[in-house]
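Read the structure below first, then the notes.
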Amino acid sequence: MTEGISQAERPQVLEEKTGDLFNKFDAVIHTRQTLLDGGVEDPFGLVMEKVLSPTRAICNGRDTILLGTYNYMGMTFDPDVIAAGKRALDEFGSGTTGSRVLNGTYAGHRDVERALREFYAMDHAMVFSTGYQANLGIISTIAGKGDYIVLDIDSHASIWDGCALGNAEVVPFKHNDIEAMDKRLGRIPEGAGKLVILEGVYSMLGDIAPLKEMIAVAKRHGAMVLVDEAHSMGFIGPNGRGVAEDQGVLDQVDLVIGTFSKSVGTVGGFCVSNHPKFEILRLVCRPYVFTASLPPSVVATAATSIRKLMHSGAKRAHLWENSKRLHGGLKALGFTLGTEVPQSAIVAVIMPDLERGAMMWEALLKEGLYVNLARPPATPAGMTLLRCSLCAEHSSEEVETILGMFERAGKAVGII
Ligand SMILES: Cc1ncc(COP(=O)(O)O)c(C=O)c1O
């Protein structure tokens, strides 16, 4: 980074170092520096000095409402979850120091896989150290050279990286466009292996996929289907199994990918499936084999949280209320939102550009509200977004307070 280099010196320093492999980052360095030179706080470097609850933290010495976490179901401070983690720490130590296929499978790893099988009512569950690794591992292992992956262009980075690692032919289609997906599938040579990859909720705009129609098309072409339900697990669907459950097509999904880092409230990733040969993946999936397994405290918290999420209908209902209240309120204030109606726990507020997005982000932080500032390449169509993600632990009064903060900040920055 060029911190400490003055505006006048910078171009010279960058030019001098030809052959420096870091030169490829110059454009990013420049964008970041321009933002910081404008005097705003670094939106990508905020420190939470103390976390008080799933919805509150001390940031810059100030009590701040958190509206930019993925803690959808507010499980991070659940007393049963915390007690399970402490117990596991005492009984099994701080870490496994090994791979799942060597010394890194403890009773707790088996138990969290059992909890996932119960949660999804599926035959198999495999736990990875992160959701990123679950996508990386499953996709690259099942779709290799000569196979075809047809995927939504707005797919998460971990999906793209899984495709790249496996060396399959990658065929993207326009976001949520059923016809485009159908056409791409129709052009794949007869007899080739085909994997369609979709997400339940797309995390940038918070919109959902028409999985029912898309899975029907995929199956008509004889493709296997993988659905990443990272942002829907625990919340969407009658049992919180995700968008595929909500649309009544979970039984047609070959592989569901998920994460513990959102509704479950800890860290880790997983894949669940009914495929009869699924268990072989434990021996051939490199991002599962060649990395250390999750610490005992983490799998214990995950298992407890997942089992509680099976009986969280009231929390799910309140989270929907929060999402509707925030979406409706922001729309009424005149903000441009990522979706016409609330479709998930994510409400994306579209900013005119990065500069004003950063100003708005900072104005909200000064009000005592944390949201995510998202920008390309993470966002679609070059958009700058203030991404709000709601939690089942936000009270209705807190959502009203949040709307007041948005109104004041939006007027101060000139966005509404
Ligand atoms: C759709 C999707 N898949 C996978 C992941 C990776 O999850 P994890 O944080 O467990 O690595 C994310 C994380 O943001 C995501 O949004």
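What follows is calculated from the coordinates using simple rules that are stated; it is not laboratory data. Source: prediction; values computed, not measured. FYI the Cβ positions are ideal-geometry reconstructions off the backbone, even for glycines, and counts take in every protein chain you see.
Determine the relative contact order of the chain: mean sequence separation of Cα pairs under 8 Å and six or more apart, normalised by residue count, in whole percent.
Values: 821 pairs, mean separation 89.2, N = 416.
Result for the chain is 21 percent.
What's the center-to-center distance, using Cα atoms, between the range 16-45 and the range 347-416 in Å?
The distance from the Cα centre of the range 16-45 to that of the range 347-416 comes to 23 Å.
Residue-wise, which Karplus ³J(HN,Hα) couplings in Hz belong to the range 55-64, taking 6.51 cos²θ - 1.76 cosθ + 1.60, θ = phi - 60°, and x for glycine or proline?
Karplus-based 3J(HN,Hα) across the range 55-64 equals 10, 9, 8, 8, 10, 6, x, 10, 5, 10 Hz.
Considering only C-alpha atoms, what is the centroid distance from the range 106-180 to the range 274-294, in Å?
Taking the Cα centre of the range 274-294 as reference, the centre of the range 106-180 is 12 Å away.
Where does the Debye-calculated log10 I(q)/I(0) of the chain sit at q = 0.08, 0.14 Å⁻¹, using only Cα point scatterers of equal weight, no solvent?
Each listed q maps to, in turn, -0.47, -1.35.
Would you mind giving the three semi-axes, in whole Å and largest first, of the ellipsoid equivalent to the range 167-219 according to its Cα gyration tensor? Don't skip to the end; give the middle numbers.
On the way: eigenvalues 88, 30, 18 Å².
Working through the eigenvalues yields semi-axes of 21, 12, 10 Å.
Out of all DSSP beta bridges with both ends in the range 224-353, state the antiparallel percent to the nearest 5.
Taking every DSSP beta bridge with both residues in the range 224-353, the antiparallel ones total about 65 percent.
What residue among 346, 153, 65 shows peak mean-square fluctuation when the chain is described by a Gaussian network model with Cα springs under 10 Å?
Of 346, 153, 65, the Gaussian network model singles out 153 as fluctuating most.
Roughly how many debye, to the nearest 20, is the charge dipole of the range 79-309 about its Cα centre, given +1 on each Lys and Arg Cβ, -1 on each Asp and Glu Cβ, and no other charges?
Details: 22 positive and 26 negative charges, 96 e Å.
Roughly 460 debye, rounded to the nearest 20.
Of all DSSP beta bridges located in the range 146-270, what percent are antiparallel, nearest 5?
Details: 4 of 21 bridges.
Within the range 146-270, antiparallel bridges account for around 20 percent of the total.
For a protection proxy built on the mean count of beta-carbon atoms within 10 angstrom, sort 363-371, 86-94 highest first, please.
Working: 363-371: 21.2, 86-94: 14.6.
Result, highest mean Cβ count within 10 Å first: 363-371, 86-94.
Counting only DSSP beta bridges with both residues in the chain, what percent are antiparallel, rounded to the nearest 5? Let's see the in-between values first.
Working: 31 of 51 bridges.
If we restrict to bridges inside the chain, about 60 percent are antiparallel.
At q = 0.08 Å⁻¹, what base-10 log of I(q)/I(0) does the Debye formula yield for the range 79-309 when every alpha carbon is treated as an equal point scatterer in vacuo?
-0.28
Using per-residue counts of other Cβ atoms within 10 Å, averaged over each peptide, order 302-309, 98-105 from highest down. Kindly include the intermediate steps, with their values, before the conclusion.
Numbers: 302-309: 24.9, 98-105: 15.6.
Ranked from most to least packed, the peptides come out as 302-309, 98-105.
In deg cm²/dmol, rounded to 500, what helix-only [θ] at 222 nm does the chain give when every DSSP H run of at least 4 residues adds -39500 (n - 2.57) and the total is split over its residues?
-12000 deg cm²/dmol
Rounded to a whole number, what is D in µm²/s for the range 246-374 from Stokes-Einstein with the Kirkwood radius over alpha-carbon pairs (4 °C, 1.567 mPa s)?
Values: Rh = 18.5 Å.
Roughly 70 µm²/s, to the nearest whole number.
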